[in-house]
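See structure below.
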Amino acid sequence: MALLRVLQTLKITDNPVTNCFLSRLLWRYKSSKAETFLSGTNANFLEAQYLDWTKSRGSVDPKWDGFYESVSGPALKIEEFEDEFSPKSVKLKEEKKENKESKERIKLHLAVQNLIRSYQARGHLLAKTDPLMLTFGARWILKSQNAPLDLKGVECRVVSRELGTVLCEEHMDTIFELPDRTFIGGKETALSLREIISRLEKVYCGAIGVEYMHLYDLDCVQFIREKMEAPGAFDKTIEEKKDIMRRLTKAVFLEKYFATKWPAEKRFGLEGGESMIAMLEEIVDTSTKLGVESIVMAMQHRGRLNMLVNVCRKQLTDIFAQFKPMEPKEPGSGDIKYHLGTFIHRFIRRTNKYIKVSMSCNPSHLEVVSPVVIGKARAEQHWKGDSNGDKVMAIIMHGDAAFCGQGVVYETMHLGNLPNFTTHGSIHIVCNNQIGYTTDPRFARSSPYCSDVAKCVDAPVLHVNSDDAEAVAHVARVAIEFRCKFKKDVVIDLVCYRRFGHSEEDEPMFTQPIMYKKIKSMQTVDRIYGEKLKAEGVITDADIKGWEKEYMDTLNKHFELAKKITKLSIMDWVDTPWTGFFEATDPKKIRDTGICETTIATIANHFCKPPEPWAFEIHKGIHRILEKREKMVKSGIADWAMGEALAYGSLLRDKIHIRLTGEDVERGTMAHRHHVYHHQGVDGATYRVLDTLYPDQSLYSLHNSSLSEFGILGFEVGYSYSSPFLLTIWEAQYGDFADTAQPVFDTFIANGESKWVCQSGIVVQLPHGIDGAGPEHSSGRVERYLQQADDDEDDIPDLDDKDMALKQLRSANWFVCNVTTPANYFHLMRRQIALPFRKPLILMTPKVGLKHPYYTSPFKDFLPGTSFQRLIPENGPASKNPKDVKKLIFCSGKVAITIDELRKEKKLEDKIALSRIEQLYPFPYDLVLKEFCKYDKARVAFCQEEHKNQGPWTFVRSRLENLFGKKIECISRPPSAASATGIKWIHAKELKELKENIIAL
């Protein structure tokens, strides 16, 4: 076969004899595989004749010239073309030597390629990213292998095993070709091994450690290689170096000023990590060059004051004033200075562009703000029409222990590529103090780096030594360029230290004596960088002293101005102002929430109409649902799903953007909603029902979310902050599922306005009802939200004030409701937008009631002039003759169905009056008193299906008794540790006893 290939590639000569000979050879070869023509004397003859021809062409018949010229080049060796049946010739010793050398050369080149790849993938383990020089990634590897913890020779075991084995000292000056997938050569295509290693060490084992080889996108990998490996990639211009020096000076001297003026005050200073300011400044500057117009930021408390001043450009006067006790101008609890936010439109001299920078207010619960700021960024992208994240981006700063220790970090980061939650890439900056309060990293995480969660979401990680200012600036530029080019998350691990304790009052030597002995010897980063620039001849001592004096003069000037501030303004710290909204709204009026018959007919008929069958195939069960809806519409009745559709559809018509998310919201957990149909024959094809109501309606963002409550609720809270012309709804699959999102309720929803004057109209829907589904699928824990109501049970409002209801709403921190009719749900949703302010709404939504005939409303209850009923009074036989009523039962929620059915069953409809409290907080004192006075001869009871130590009872009891001036009866299940039983027998027993107590007169 080898010979056949050779013969077939030979040139056709001009000699007909030669051509004839070649043709005959080919024919003979093809015609017989058993005996080759090159065997025996034929082969010997041709080779001997060829050797004679090469020595002297005249010694061979000229007719052979064409043939031998066509195979001339290296000496023809017939054994190279012998087939499997030919006898093998013995190779020459020279050839064996050449082959051995060639194989050795290939082996060395492959080893060099592996060496380069090893540094790219694992060089970060030896990078000198710790300014204290106490930790290396390699130490963690060695410890996990129970190996000695010295770093001598560690590169052979941890980074590259080629060194010292295949590649030895004798190869150091050998020149090797560089593979295509490295940029260390620049314009050079070959380097000596010594130079290759030197450049790899500089790039991957210096002040920057890069983890990027885990990325799936090869373009991302290649981008980071080029930004890190290309010769001169780290170089800075003289002006850039001076900018860095000035920024470090401001960062360091501001912390010194705080420490001098207020030595006993907690401020969570940035000492030891001041280069973070230079990093953020570089990101802001470069982002304007890349087209970013707005940055939404969040950060932990450490260094926050420095960030507010030097990056967010908050007035120093306002910051200094926060250090002294002052009476606030506005009502509210306010917050401590290192939790506050701000916003500003900054002018960037380097690019002559403006950029909006906002810092979100942040509770002390560390990472809770992470999903909130992502939601804010997503919302701002929506309002700007920024569908690709070109104009708006988020920057989130974390603490090292919190980043690896708190699960909400993963819940936030895994939203990065979800289509309906992505912000098209965020920059995460870890202010890595290498300690969590007083806990060493070895006791705080199970991986080499605090940033390892980033590998789960395909994000590169750039570790950098905070004391190398130019490395910090370079990493910042790479990060922002990566984010803007690829629209993906990127993580910067700024490895620094905490010069003092967790707060300025702590003594760190109690718990980290070795670390803090080292820290005491450390120079500040401005001194380190200043010495470097002076050695390079870039600046002089006079330059440094001039910048220091200039900044100190500024600090002293604003310190004196701060003395003149006598009242604290919480409004100065608003991070997302709703410009023009409050000025254009009548503060004493709730707009009408009813809608006209035409609107009802348009939305209701559309909601009942299936898509054209030839265009879209829906499930047969949907057809049955639509047929049932159509019958209800014709009879003028709305069930819960229709009331919901009328609320959302009318708001969309009114140009209100709606966003509804949760784990099963498109269909509805109880299969009642069906706002999205799925094609039964085409995978992924959907029909979104309410998207096509009106040609000019607002966007209806209805999306199933990932199985996350903490992260998703935080995201939606952030989204709700963006605008007052927005209805944001988060629905738990069951009310209990909100348990895992409790920090969001506790730190943002319940008290965000009180702390930060930050209004939100978010609606939290918690399916609630004890119906035998067990402890985790029964109760939305309404008592939790009522307990957090900022209301005095002993303070009964002025019931004669016609504006009492609106004043209650304005002063409430949130609303807590449990509505029992579709019309009331409709009006409640529309009231969220009709109010002249925004408040969160905690809503216990039905499960059984979604399809129960008791939870229906006539269309007349949706018309203009109708409104939300805070309390639904008795309107049956008992209301016709109140003097004969024996028992007045107040209740809230699904238990009303049980009470009503029992009355009918026992013929007690004229003896038992039922009043449904739809709005538990603010409490409807006026309407409750009206009902009480109407049935003044009746026994009064409050009935709930929840256990006595749960539910609304503990909240309403004191208010009812204070209002009535007497004790009232409680009808409920007995106290329980669990929210419901999971045993059917016990459930039936409890229900039987509850019913007996209801009808007992």
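The values are calculated or read from the model by the stated rules, or taken from the named source; none is laboratory data. Please read these numbers as outputs of a predicted model, since none were measured by experiment. A quick note on method: Cβ atoms are made from the backbone with ideal geometry, for glycine too, and the neighbour counts reach across all protein chains shown. We work out accessible area using only protein heavy atoms, side chains counted, and drop any ligands, DNA or RNA first. Shrake-Rupley method; radii C 1.70, N 1.55, O 1.52, S 1.80 Å.
Find the residue count for region 213-229, including only residues that are open to solvent by less than 30 Å² (accessible area, probe 1.4 Å), free of Cβ contacts under 8 Å to residues at least 60 places away in the same chain and under 14 Å from Gly186 (Cα atoms).
1
State yes or no: is Leu132 part of a helix (DSSP H, G or I), among the hydrophobic types (A, V, I, L, M, F, W, C) and either at pLDDT below 90 or surrounded by 11 or more Cβ atoms within 10 Å (Cβ to Cβ) (or both)?
When the stated conditions are applied, Leu132 does not pass them.
All but one of (1) more than 41 Å from the chain's Cα centre (by Cα); (2) of a type in the set (Lys, Arg); (3) closer than 22 Å to Asp792 by Cα hold for Lys911, so report the exception by its number.
Just one mismatch for Lys911, condition (3).
Condition check ((1) part of a loop (DSSP other than H, G, I, E, B); (2) within 19 Å of Met297 (Cβ to Cβ); (3) not β-branched (Val, Ile, Thr)) across all residues:
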site	(1), (2), (3)
Cys312	yes, yes, yes
Asp318	no, yes, yes
Lys324	yes, no, yes
Gly332	yes, no, yes
Arg346	no, yes, yes
Val372	no, yes, no
Gly375	no, yes, yes
Gln381	no, yes, yes
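Wholly within region 923-1001, which helices (runs of 4 or more DSSP H) include no fewer than the required count, namely at least 1 residues that are in contact with an Asp or Glu (Cβ under 7 Å, 6 or more places away or on another chain) and surrounded by fewer than 16 Cβ atoms within 10 Å (Cβ to Cβ)?
Where helices (runs of 4 or more DSSP H) fall fully within region 923-1001 and carry at least 1 residues being in contact with an Asp or Glu (Cβ under 7 Å, 6 or more places away or on another chain) and surrounded by fewer than 16 Cβ atoms within 10 Å (Cβ to Cβ), they are 953-964.
Out of the residues in region 506-518 that are part of a loop (DSSP other than H, G, I, E, B) and open to solvent by 50 Å² or more (accessible area, probe 1.4 Å), which is modelled with the highest pLDDT?
My answer is Thr511.
Give the residues of region 872-898 that are within 24 Å of Asp936 (Cα to Cα), buried (at least 19 other Cβ atoms within 10 Å of the Cβ) and basic (Lys, Arg), sorted by residue number.
Selection gives Lys887 alone.
What do you reckon, is Thr554 buried (at least 16 other Cβ atoms within 10 Å of the Cβ), within 39 Å of the chain's Cα centre (by Cα) and farther than 30 Å from Gly752 by Cα?
In short, no.
Checking Lys261 against (1) without any contact (Cβ under 8 Å) to a residue 24 or more places away in the chain; (2) open to solvent by 50 Å² or more (accessible area, probe 1.4 Å): exactly one of these is not met. Which one?
(1)
Would you mention how many residues in region 191-212 are open to solvent by 30 Å² or more (accessible area, probe 1.4 Å) and not polar (S, T, N, Q)?
5
I'd like to verify a number: residues in region 524-547 that are charged (D, E, K, R) and surrounded by 18 or more Cβ atoms within 10 Å (Cβ to Cβ), how many?
Total satisfying the criteria: 1.
So which residues in region 481-500 are part of a helix (DSSP H, G or I), of a type outside the set (Lys, Arg) and buried (at least 24 other Cβ atoms within 10 Å of the Cβ), if there are any at all?
Listed by number, the list is empty, since nothing qualifies.
What pairs come out if I take residues in region 623-640 that are within 17 Å of Arg667 (Cα to Cα) and modelled with pLDDT of 95 or more and pair them with residues that are outside any helix (DSSP H, G or I) and hydrophobic (A, V, I, L, M, F, W, C) whose C-beta lies under 7 Å away, six or more apart or interchain?
Matching pairs, first to second residue: none at all.
List the number of the failed condition for Phe343; all other conditions in (1) of a type in the set (A, V, I, L, M, F, W, C); (2) more than 25 Å from Thr412 (Cα to Cα); (3) open to solvent by 20 Å² or more (accessible area, probe 1.4 Å) hold.
(2)
Restricting to region 861-880, name every residue that is within 16 Å of Cys891 (Cβ to Cβ) and of a type outside the set (S, T, N, Q).
Arg870, Leu871, Ile872, Pro873, Glu874, Gly876, Ala878
When you go through Ser466, Ser503, Ser521 one by one, which is the residue that is crowded, with 23+ Cβ neighbours inside 10 Å and not charged (D, E, K, R)?
Ser466
Would you check which residues across region 557-583 are closer than 14 Å to Phe320 by Cα, in a loop (DSSP other than H, G, I, E, B) and either among the acidic types (Asp, Glu) or open to solvent by 60 Å² or more (accessible area, probe 1.4 Å) (or both) and list them?
Hits for region 557-583 are Lys563, Lys564, Thr566.
What are the pairs, 6+ residues apart or on separate chains, where a residue within region 805-829 that is polar (S, T, N, Q) has its Cβ under 7 Å from a residue that is open to solvent by 10 Å² or more (accessible area, probe 1.4 Å) and assigned to a helix (DSSP H, G or I)?
Asn813/Glu753; Asn813/Ser754
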